[in-house]
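J.: I have a structure I would like to understand better, so I am pasting it below and will then ask my questions one at a time.
Quick note: the coordinates plus some simple rules give every number you see, no bench work behind them. Keep in mind that what you see is a predicted model, and the values were worked out from it rather than measured.
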Amino acid sequence: MGSGSVLCEVCEERPAVRKCRICGRYVCEKHVNEEGVCAVCEDLMCRICNSRLSITSCVMCGRPVCRNCSVELEPGIRVCKQCVDNLQILKEGGLKLGMLGDRGE
């Protein structure tokens with residue numbers, strides 16, 4: 001990277017000046033944040049903890065979430081822990097899931 005001959009693996013236009021600390025991609029200054037994470041990994045980061053890559057999206061809120069910040073309801077179906085907590089609060093308040101509207105049932 002010192003000679004500037006390696007191109008950014010995101011834009012493939014500018015010289016790579018940094019290496020992503022998560023995936024190891026060589027990236028230009030435009031495609032890396034101050035924590036050393038490339039734009040691709042940043043887009044895939046869990047929106048709850050912001051420290052691990054997401055594995056799926058929460059079926060309730062749609063946010064990308066990692067394994068640690070979500071609960072698997074069924075194989076391939078995960079809900080983020082914030083939505084689980086919110087549902088628990090609603091349930092304790094007397095709201096039944098059927099009151100949330102028709103979800104195709």
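J.: Out of residues 5 or more away from Arg18 or on other chains, whose amide H comes under 5 Å of its own, with H placed 1.01 Å from N in the peptide plane?
T.: Residues meeting the criterion, in which the H sits 1.01 Å from N, are Val27.
J.: If you project the alpha carbons of the range 1-44 onto the principal axes, what extent comes out on each, in Å, largest first?
T.: 28, 16, 15
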